[in-house]
Structure formats: structure tokens, C-alpha cells
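Some notes on the structure that comes next.
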Amino acid sequence: MSQLLLWASEQGVSDIMLAPNDPVWMRQHGRWHPVSDRDCASSEISYILDRISRQPNASAMAISGQDVDFGFEVPVGRGKRLRFRCNATGCRDRWASGVTMVMRTIPEHPPELAYHNMPDAMLAAFQPDYGLVLVTGPVGSGKTTLLFSVLRHIAQTESRHIITYESPIEYDLTSLPNRRGPVAQTEIPRHLASFEAAPRNSLRRAGDIVLFGESRDRETLKNMTIEAETGVAVYSTVHTNSVAETISRMVREFPHGEREGMAATLIAALRLIVHQRLVRTVDGDGRVPIREYLVVDDEVKDRLIHCSVGDMIPAVQAVMHARGSTLSSEAQAAFEAGRISERDYLMMKKTSGPNPLQGAL
């Protein structure tokens with residue numbers, strides 16, 4: 001298994017998948033390819049899972065309905081290692097139940113901030129003294145990499161205490177060279193029971209910057225928003241399809257009677273929302289990040305703070321189009337520069353939503 005993972009890393013593979021009665025599959029530049037001569041046996045996958053997860057009953061847990069998240073490392077030399085984020089989940093194995101496992105490659109350190117080629121306005125808003133920064137997008141769109149590049153930059157340029165809550169821990173910030181402040185990374189549920197407990201825990205740890213790897217449950221959403229108003233810079237990810245949907249999507253986790261108040265609290269705390277997708281390059285040998293973003297400054301807050309939750313999506317869309325930072329405009333620029341295909345550009349334009357200003361122009 002270690003040899004397979006080493007080979008995959010050399011080929012620039014992003015994901016490895018094992019499933020019963022199927023070959024080993026690997027994703028390279030967004031496309032899946034079978035890479036083994038024979039199919040995997042269910043017993044082999046269970047055997048591998050129980051050992052690399054360091055949980056002797058991991059395969060039994062997966063088959064019984066619990067998905068298993070963990071990290072795995074392969075040493076490749078003195079002081080160097082390959083890291084993988086892994087998930088194991090129960091699945092059908094012909095007439096019985098088996099386990100499927102996906103392993104995502106993770107570099108030891110996130111790329112430097114310059115790698116992402118962000119505009120100055122986004123870059124400045126990504127590093128607030130306090131407030132909430134959200135990165136949204138589908139699974140596998142590079143949200144975590146983008147966030148950790150920001151945290152790397154802060155750790156190497158500012159004397160601030162960084163705390164992260166992740167499941168599992170991905171990039172290793174503690175081994176960054178030339179850090180100027182302390183970093184503590186906490187894995188859920190290995191080091192702390194749940195993300196729900198993370199906001200309260202972070203308030204007791206004297207953090208200047210806190211990252212919550214997930215913001216799904218109501219309690220986490222509420223508490224991290226409140227924490228962002230107490231002098232802490234809070235970062236998190238949300239699974240939404242656009243910047244415009246983000247506020248509405250988050251407040252709909254709350255009962256109807258709490259939504260308007262939660263929307264106002266969230267808008268007051270927000271500093272930046274970034275939505276990112278990865279699109280294949282024209283030659284198919286890489287992927288291009290297509291982003292839209294909204295800097296939530298005082299002017300934007302004034303425009304949104306009195307909107308009802310039902311009107312929030314069109315209100316945010318209007319602000320986005322007025323400021324010219326939308327997914328469709330970024331995709332058009334990438335297409336005109338010859339970086340993405342016309343098909344992908346048109347698909348991106350179609351899924352980025354209508355321009356709410358068109359009727360008025």
C-alpha cells in the first residue's frame with residue numbers, strides 16, 4: 001500500500017479509491033483512471049483500513065454504518081513524509097456489505113500565498129484583525145488549501161496565536177519554518193469530542209485566529225459567529241454553490257423565529273466570502289481556480305443588514321454584479337485568456353446564476 005501511494009504521489013494524483021470488486025482508481029487532474037491489474041477484494045480493503053487507521057475495528061465500524069475519517073502518513077526520507085486524508089464508508093459488496101476507502105493526498109505544507117494569485121482586495125480582506133471569513137464551494141474545490149495558505153502567511157509574518165479544529169488534520173502548520181507565533185492543531189474527535197464543542201473550547205485558549213474546518217451544525221454556526229465579534233479572526237468553510245447563497249444557507253439551519261436575528265449577527269461578523277471551483281485547463285493537464293468573492297465592508301453591511309432572509313440571495317447577487325466580482329466574469333476572463341474551454345466557460349456561466357441587474361439596464 002505504501003508503494004502504491006508513493007507511486008501515486010509521483011504521478012501527481014489527488015485521490016485514490018479502493019472499493020470491493022473494483023480496480024484501484026486514481027484521480028489525476030480531475031479525471032479518474034483504473035490503475036491496478038486486478039480487482040480489490042473486500043477482505044484486503046478491510047485489512048488495510050484496520051492497520052493504516054490504527055483502529056483495529058475500523059472496518060467493522062464502517063460496515064455497521066459509521067464513516068471513519070483519519071490521517072495517514074508514509075515516510076519518504078529523513079524528516080519527509082507523504083500525508084493523506086482518508087475516509088472509509090460501508091458499501092454494497094455483491095450480496096453482503098463491504099468497505100470503500102478514499103485517500104486524498106496532502107502536501108506537508110500548504111502553498112505560499114502568492115501561488116493563488118489573488119487580487120489585492122481579496123488578499124487584504126483575507127487577513128482581518130477580527131471577524132468572520134468564509135470559503136465556500138463543492139467538495140474537492142481547494143477550499144482547505146486556500147485557507148491554509150492564508151494561515152501559513154499569517155504564521156510566518158505576524159505574531160498571532162493560531163488554533164485549528166479539523167477532522168482530520170490536513171496541512172501541518174506546526175512544522176512551518178520561521179513561524180512568528182504559536183500554532184495548535186486539534187483533531188475532531190481524536191483530541192476534542194465534536195465541532196460543537198470547539199467554539200467554547202477556543203474561547204479558553206487565548207487564540208487570535210481560529211479555524212473551524214466545518215461549520216455544519218447550528219451550535220457551531222452560532223458560536224463561531226459570536227466569537228468573530230469578540231476580537232478573534234475566525235475562518236471556516238461552507239458547502240454552497242455561490243457567494244450569494246452562503247448567508248441564506250447558513251441561517252436556514254436555525255428555526256424560523258431565529259433566522260432574521262441570526263442573519264443580522266452573521267452580516268455584522270462577516271468580513272469576506274469567497275466561492276471557488278476548480279476547472280480543467282484546456283490541455284487537461286491541470287486545473288484552474290475560478291473564484292468569486294464579496295468583501296463585506298460597511299457599505300455592503302448597510303445594504304444587507306435590513307434584508308429579510310427570503311430576499312437575501314437576490315440582494316447579495318445585486319451587490320456582486322454591481323462590484324463586478326462574479327463567477328461568470330472570472331470564467332469569461334479565464335476563457336478569453338485560453339486557460340479553460342468554451343464548454344466549461346458556458347457551463348460555469350449557466351450555473352453562476354442570473355444577473356439581477358439585467359432587467360434594469
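No value in this document is a laboratory result; all are computed from the given coordinates. In this text, all values refer to a predicted model and were calculated from it rather than measured experimentally. We place every Cβ from the backbone using ideal geometry, glycine too, and count neighbours over all the protein chains shown.
FRET efficiency for A121 and D22, Cβ-Cβ distance as r, R0 = 45 Å, nearest 0.05? For R0 = 45 Å, the calculated efficiency reads 0.45. Per-residue 3J(HN,Hα) values for segment 126-143, derived from phi via the Karplus relation 6.51 cos²θ - 1.76 cosθ + 1.60 with θ = phi - 60°, read 6, 10, x, 5, 7, x, 10, 10, 10, 10, 10, x, x, 4, x, 9, x, 4 Hz in sequence order (x marks Gly and Pro).
In order along segment 282-287, the Karplus-derived 3J(HN,Hα) couplings, from 6.51 cos²θ - 1.76 cosθ + 1.60 at θ = phi - 60°, round to 4, 7, x, 9, x, 9 Hz, and Gly and Pro are given as x.
In this structure, Y47 and D217 have a Cβ-Cβ separation that, at R0 = 30 Å, corresponds to a calculated FRET efficiency of about 0.30.
For segment 113-360, relative contact order (Cα pairs under 8 Å, six or more residues apart, normalised by length) works out to 20 percent. Going by a ≥ b ≥ c, the root eigenvalues of the Cα gyration tensor, does segment 43-159 fall in the rounded group (a/c under 1.5), the prolate group (a/b larger than b/c) or the oblate group? In terms of gyration-tensor shape, prolate. Where both bridge residues fall in the chain, DSSP classifies roughly 60% of the beta bridges as antiparallel. The eigenvalues of the Cα gyration tensor, multiplied by 5 and square-rooted, give the chain an equivalent ellipsoid with semi-axes of 35, 25, 21 Å from largest to smallest. Along the chain, the longest continuous region that contains none of the trypsin sites (Lys or Arg not before Pro) in a DSSP loop with at most 10 other C-beta atoms within 10 Å is 205-361.
Please report Rg over Rh for segment 100-232, where both radii come from the alpha carbon positions and Rh follows the Kirkwood definition. Before the final figure, lay out the partial values.
Details: Rg = 14.4 Å, Rh = 15.4 Å.
Ratio of gyration radius to Kirkwood radius: 0.93.
For segment 152-172, the residues whose amide N sits under 17 Å from a probe point set 7 Å from the Cα of H191 along the beta carbon direction are 152, 155, 160-172.
Multiplying the residue separation of S308 and K350 by 0.36 nm and removing their Cα-Cα distance gives an extension gain of 12.5 nm. From the square roots a ≥ b ≥ c of the eigenvalues of the alpha-carbon gyration tensor of segment 209-303, which class results: rounded (a/c under 1.5), prolate (a/b over b/c), or oblate? Prolate shape, in that a/c is at least 1.5 and a/b is the bigger ratio. Give the shape of segment 1-105 as rounded, prolate or oblate, defined through the alpha-carbon gyration tensor: a ≥ b ≥ c are the square roots of its eigenvalues, a/c under 1.5 means rounded, and otherwise the shape is prolate if a/b is larger than b/c and oblate if not. Oblate is the answer for segment 1-105, as a/c is 1.5 or above yet b/c matches or exceeds a/b.
Quick one: net charge of V238's neighbours, Cβ under 10 Å, K/R +1, D/E -1?
Details: positive: K143, R216, R249; negative: E214, E245.
Counting the neighbours of V238, the net charge comes to +1.
In the chain, helices alone account for a calculated mean residue ellipticity at 222 nm of -10000 deg cm²/dmol, with every DSSP H run of four or more residues adding -39,500 (n - 2.57).
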